[in-house]
Structure formats: C-alpha cells, structure tokens
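K.L.:
Okay, here's the structure, questions in a sec.
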Amino acid sequence: MDIQAAIMREKAGLGAAREDRLMGLGRRMRFSESLIQGFLFLCGFITIFTTVAIVLVLGRESLLLLTSEYIDQSGVHTIDIIDFFNTTQWQPHRYQVGIAPLVTATLLSSAIAMLVALPMGLGAAIYLSEYAAPGVRNTLKPILEVLAGVPTVVYGFFALQFMTPVLKGVFGSGTVETFNIMSAGLVMGIMILPLVASMSEDALSSVPRALREASFGLGSTKLETTVRIVVPAGISGIIAAFIIAISRAIGETMIMAIAAGARPNLSLNPFESAWTMTGYIASISGGDLGYDTLDYNSIFIVGLFLFLMTLGLNILSRAVVARFREVYE
C-alpha cells in the first residue's frame, strides 16, 4: 500500500509539473500572439494615418490657394473655385488658374499609353498563361518584368532621344514638336506593359484547369477555350489590372517632365507639347518658391486633384473586382 501511494503521489506530482509547463507555454504563446497582433495593428494604423495625413496636408495647402489674397502692382487678386474648373488657361503668374489644360494633357497621355499597354499586355498574358511551355514561361516572364525595374528617367530620355526622332521621321518635323505627348505616351505604355501582363497572367492562371478540360471535352479549340472560357472567367483580375495600369499612367512623373514638355496647352493634338499634372508639379517644385505664393499653393491643389483621380480609380477597381469576381471551389 505504501508503494502504491508513493507511485500515485509521484504521478500526481508529474501531472502537476506537466500542467504547469503547459500553462507557461500557453502564456508565452498568448504573449507572442499579442505582440504579433500589436505589430500588425501598428502597420495598418501607420498606413491609414499616412493616407489621412496626405489628404489633410494637401487639403490645407490647397485651401490657401482659394482663400489667400495676392497683391502686386496691379492690385489685389483672389482665386475663385469656379474659375479653377471653368478657366481654360493655366498661367498662375497672371492669376489664371484653370486645371483643364493639365487634366487634358494627363488624360491624353494616359489614353495613348493604354492603347499600347492594354492590348499588348493582355496578349502577352494570354500567351504566357495558355500557349507558352513551362520552360518558356519561366524564362520570358522574368525578362518581361525586367522592364518594370528600369528607372522612369531612363524611359523619359528614351522617349526624347529615340521615340521623338522616329515620330518626326514618320510624320514630319513640321508636325511633331521636339517635346510632345505622343512620344511620352507611347514610351509610358511600354513601361506599364509588364504591370498589365503580370497581373493579367496571374488572373488567367488562377482559372481552374477543370474549366479548360471541360471545354476541350466539348470539342472546343485552344483559341475558343481561351477567348470564351478562360478570359471571361478571369475578367475581374484583368479589369483590375487595367484600372491599376491607368492609375499608374496618370501618376507617372519623369517621362512626362522630360519628354512631354512644359507648356500649359489645351489641345487634343498629341504631337504638340503640353504640361501634365505630374509634369507641372515636378517642374515647378524644382524652382525657388516662396511659401504662400500662388505658384507654391498651386502645386498642392494640383496634387490634391491628382490624388482624388487615382483614389477614384482604385475605388472603381475594388467595385469591379467585387462585381465580376468568380469564386471556384
């Protein structure tokens, strides 16, 4: 009996020690999870805080443009918010601040870039996803994505030194100006092409193979399966890639600053020079500007308008993905 009692006490002691170890391990795990959760919360908070801070700074400085009085030899001048949208001239030194020329040049250059990037990017994505052999895909996709790593200033000088002379040789020197929207837009489309191709290829590759096999089983050809089955099934990802590419084009700076020119020209002629919103910000901010001057405040209101445009495109992208997203089990 004494031996059995000793054995029972020993087992009880071992059980208590094991329970203590498990409780200590559980406390350490809960502490580690709390640290990870706190770190993730901090990352999310910093992201949101940064976005809100950008909006507040841009909004505050932009408000100065509309509320400040500018005095010169001719008298006191103010900027009206209605004139900001209605005036077709962007000449801050003459107190004519109409955003239309900058927005027109930005949208025109982005449209040209999209005419290059969207069809070529989607075509490259379809080839890599549906037609290329695994070895070819693993070789070509990294090469294609190398274009995304080239500095944008290199693309800017490429547009100025290579694309512009080519356009002059095709359309004539009298038609194409040295700084023009067409060359900048074409090169920007080449720069954005890897983004469209990579995101679209990921969307097409995520389509279940069972859909392809079912289509082949019904007698469809490779092209019919790709066009009628795979592309519609991955349309949400493709549209999201297109919208993100448009946002990238609207926000491009160095190509526009180098190759598009610096003239606030309200024109739809792509062979003329023009000032985009990003090009204006890059050009003006590089000069010696005094605080609370018209030129200084105009940078922030253009930046705010650009921010709202890209924000709207991102919201549209999320809405499109939610609307057309296909879930496969």
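The values are calculated or read from the model by the stated rules, or taken from the named source; none is laboratory data. Note that the coordinates shown come from a computational prediction; the quantities given were computed from them, not determined experimentally. Using ideal geometry, Cβ is built from the backbone for each residue, glycine included, and neighbour counts are taken over all protein chains shown.
K.L.:
Quick check on segment 36-47: of everything there that is modelled with pLDDT under 90 and among the β-branched types (Val, Ile, Thr), which residue is nearest to Leu304 (Cα to Cα)?
P.N.:
Thr47
K.L.:
Do the conditions hold for Ile112, that is, is it surrounded by 14 or more Cβ atoms within 10 Å (Cβ to Cβ), of a type in the set (Val, Ile, Thr) and either assigned to a helix (DSSP H, G or I) or in contact (Cβ under 8 Å) with a residue 60 or more places away in the chain (or both)?
P.N.:
The answer is yes for Ile112.
K.L.:
Give segment 142-164 a look and list any residue that's more than 20 Å from the chain's Cα centre (by Cα), touching a residue at least 60 places away in the same chain (Cβ under 8 Å) and within 20 Å of Ala245 (Cβ to Cβ), or say none.
P.N.:
Ala159, Met163
K.L.:
Does segment 115-130 hold any residues that are under 19 Å from the mean Cα position of the chain (by Cα) and in contact (Cβ under 8 Å) with a residue 12 or more places away in the chain, and which are they?
P.N.:
Residues satisfying the conditions are Leu115, Val116, Ala117, Leu118, Met120, Gly121, Leu122, Ala125.
K.L.:
I've got another one for you. Go through segment 240-263 and give me each residue that's crowded, with 23+ Cβ neighbours inside 10 Å and either out of contact with any helix residue (DSSP H, G or I) (no Cβ under 8 Å at 6 or more places or on another chain) or of a type outside the set (A, V, I, L, M) (or both).
P.N.:
Selection gives Glu252, Gly261.
K.L.:
Continuing with this model, one more query. Checking the conditions here, which among Gly303, Gly312 is small (Gly, Ala, Ser) and crowded, with 18+ Cβ neighbours inside 10 Å?
P.N.:
Going through Gly303, Gly312 in turn, the sole match is Gly303.
K.L.:
If I ask for residues that are β-branched (Val, Ile, Thr) and without any contact (Cβ under 8 Å) to a residue 60 or more places away in the chain, which ones from segment 165-206 would you list?
P.N.:
Result: Val166, Val170.
K.L.:
Would you check if Ala274 is modelled with pLDDT of 85 or more and either surrounded by 19 or more Cβ atoms within 10 Å (Cβ to Cβ) or within 23 Å of Gly59 (Cα to Cα) (or both)?
P.N.:
Taking the combined requirement at face value, the residue satisfies it.
K.L.:
Something else now. Are any of the residues in segment 176-190 out of contact with any strand residue (DSSP E or B) (no Cβ under 6 Å at 6 or more places or on another chain), hydrophobic (A, V, I, L, M, F, W, C), more than 19 Å from Ile243 (Cβ to Cβ) and exposed (fewer than 15 other Cβ atoms within 10 Å of the Cβ)?
P.N.:
No, every residue in segment 176-190 fails to be out of contact with any strand residue (DSSP E or B) (no Cβ under 6 Å at 6 or more places or on another chain), hydrophobic (A, V, I, L, M, F, W, C), more than 19 Å from Ile243 (Cβ to Cβ) and exposed (fewer than 15 other Cβ atoms within 10 Å of the Cβ).
K.L.:
Please go through segment 196-232 and pick out each residue that is crowded, with 20+ Cβ neighbours inside 10 Å and not polar (S, T, N, Q).
P.N.:
Scanning segment 196-232 gives Val196, Ala197, Glu201, Ala203, Leu204, Val207, Val230, Val231.
K.L.:
For the structure I just gave you, tell me whether Ala133 is of a type in the set (Gly, Ala, Ser), farther than 20 Å from Ile301 by Cβ and in contact (Cβ under 8 Å) with a residue 40 or more places away in the chain.
P.N.:
No; evaluated as a whole, the condition is false for this residue.
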